[in-house]
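Please read the structure below before turning to the comments.
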Amino acid sequence: MAGDEIPDILRVPRPLQEKFFHAAEDEADRILKRIGEIDAQVRLIRNEIVRGIRRIVARDGWRDMVIAVVDGSDTPAIDERIGVKYGLYAAAYKLFRGEAPLPDGENYIGDRLNEQIHESRETFLKLLDLVTVYLERTLAKHLLEQKAPHVDMLILDGSFLGYRAGCSTVKDERIEFTEPVTRKHFERVLDLIFEINKLTEAIANSGRAFGIIKRVPTSAIDGYVRYKYGASQGLNLSDRALLSLVMGSGELFSYEDYFEAPLRVEALSWYKTVSKDKKVRGKSPEYILEEAERRVTVQLVADLTDARGRREAMRLSGAAILQLAGSLRRFFIRTRDGIPPICVEVPRSVPEDLLQNFLAYCLETSSPATGLPVSLDLVDDLVSLPRRLGRDFVSEVEARLLTRGVDSSKLLALFSRFNPQKEEF
């Protein structure tokens, strides 16, 4: 901030200033009280959580491995013009031997998605997300199948089934999407989801793939505490926030070691919400957990399959999806002090020796800024699309039409907004 710049809070009328300063003081008091409650709760369960924590053993095996990192991006805002919406998407991979990038070991793919105006903005954003995931998974499968160089370890940005959320609201939509790699055409979103499912299953079953999840709201530890000790003992903290308080640099948290039973992370994350439902209130912890498990399963099948059986292949794929979901293990790794632990997802098909090399790789190549492997940050920077790119793309379309002699008044009618308003980003 420049030395002579006046804070915005001092630009409002003085009575409002006083109200906001009082509100800030009240908020500070509230947060201090909450911190005290958290400290007390953490002290009570710290010894129990420790059983899920162990140190990561340093290894050098990953230094000679070919490591592929895949990531994707799409425009975070849609340029909406009369009759059409545009969204841009891209995916890329980069190959490394250990920490060193391989010569000519990268590739980029990108294209645009356009839809008719009758689609809601939320629907179009979800379609754009699915198209991006499809491109990422297509590149990942290609890398795992190539013979030279042979990929020893593949890292995906995000959860294997992270695309699930919201699929049930769009799966019956039309998409008319021709993907840019093989030119395969999809008419319905349901078919695109089915193809992503198959790609994801193949990648997970390869025994060489890992997911690194940047944004993870999971609260399975809170659910487990409520399940085991009662609803009043809940921590009201996400797993990442809680583990930030008890893990040290170089440590790994395993849900399986902590739970001491084959419990599903997703079901325990739903435990608090389900326990407040009038239909299960007062029931036993076992009943609540079973109901949470049932709801997770129903939602997963509803999102990623044709659960009503209109398409037999999609209906039968539900068993494969549930099997895949059950095969994914999650861990947290604290790579840097002062940075929250990162969440990783590992299929059971991954051999133990490769898992240990992956954990050492995450620890030893972590970025001081994010705690993530530097390779993932690098690919993320390479493929991330600027926020204004969608608007610039539409402007380029307009310019090219003008150079071809199209009447400007017709362009004005076609590309003007219904109502004057600020650009959305």
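Only helices enter the 222 nm calculation for the chain: every DSSP H run of n ≥ 4 contributes -39,500 (n - 2.57), and dividing by all residues gives -14500 deg cm²/dmol, rounded to 500. Across segment 15-25, rounded Karplus estimates of 3J(HN,Hα) from the backbone phi angles (6.51 cos²θ - 1.76 cosθ + 1.60, θ = phi - 60°) give x, 5, 3, 4, 5, 5, 5, 5, 5, 5, 5 Hz, Gly and Pro being marked x.
Amide H contacts of Thr335 (H built 1.01 Å from N, in plane; Pro and chain starts excluded): Gly250, Ile342 sit under 5 Å, all sequence-distant by 5 or more or on other chains. Here the 3J(HN,Hα) profile of segment 181-191, calculated from phi with Karplus coefficients 6.51, -1.76 and 1.60 at θ = phi - 60°, is 8, 9, 6, 5, 9, 10, 9, 10, 4, 4, 5 Hz, Gly and Pro shown as x.
The HN-Hα couplings worked out from phi for segment 324-331 by the Karplus form 6.51 cos²θ - 1.76 cosθ + 1.60 (θ = phi - 60°) are 5, 4, x, 8, 8, 9, 10, 9 Hz, whole numbers, x standing for Gly and Pro. Excluding ligands, DNA and RNA, the accessible surface per residue across segment 182-295 is 46 Å² with a 1.4 Å probe. Amide H contacts for Ile175 (H built 1.01 Å from N in the peptide plane; partners 5 or more residues away or on another chain; cut-off under 5 Å): Arg188, Val189. Amide H contacts of Ala209 (H built 1.01 Å from N, in plane; Pro and chain starts excluded): Leu154 sit under 5 Å, all sequence-distant by 5 or more or on other chains.
Shown for the chain: the carbon plus sulfur share of the solvent-accessible area, taken with all protein chains present and a 1.4 angstrom probe, equals 53%.
Computed extension gain for Val181 through Glu122, at 0.36 nm per residue and net of the alpha carbon distance, reaches 18.6 nm. Annotation: aspartates and glutamates with alpha-carbon distance below 15 angstrom to Lys19 (same-chain offsets under eight excluded): Asp8, Glu27.
Expressed as a whole number of Å, what is the distance separating the alpha-carbon centroids of segment 316-341 and segment 156-196? Answer, in whole Å: 21.
Pairs from the table (Lys33/Lys228; Lys198/Lys283; Lys198/Lys272) lying more than 28 angstrom apart at Cα are Lys198/Lys283; Lys198/Lys272. Shown here: Cα extents along the principal axes in Å, derived from the displayed model; of the candidates (1) 74, 70, 51; (2) 85, 52, 44; (3) 95, 47, 47, it corresponds to (1).
Counting only the Cα atoms, segment 201-272 fills a convex hull of 125 Å³ per residue.
The values are calculated or read from the model by the stated rules, or taken from the named source; none is laboratory data. All of these numbers come straight from a predicted model, not from anything done at the bench. Ligands, DNA and RNA are excluded from the accessible area calculation, which covers all protein heavy atoms including side chains. Shrake-Rupley method; radii C 1.70, N 1.55, O 1.52, S 1.80 Å.
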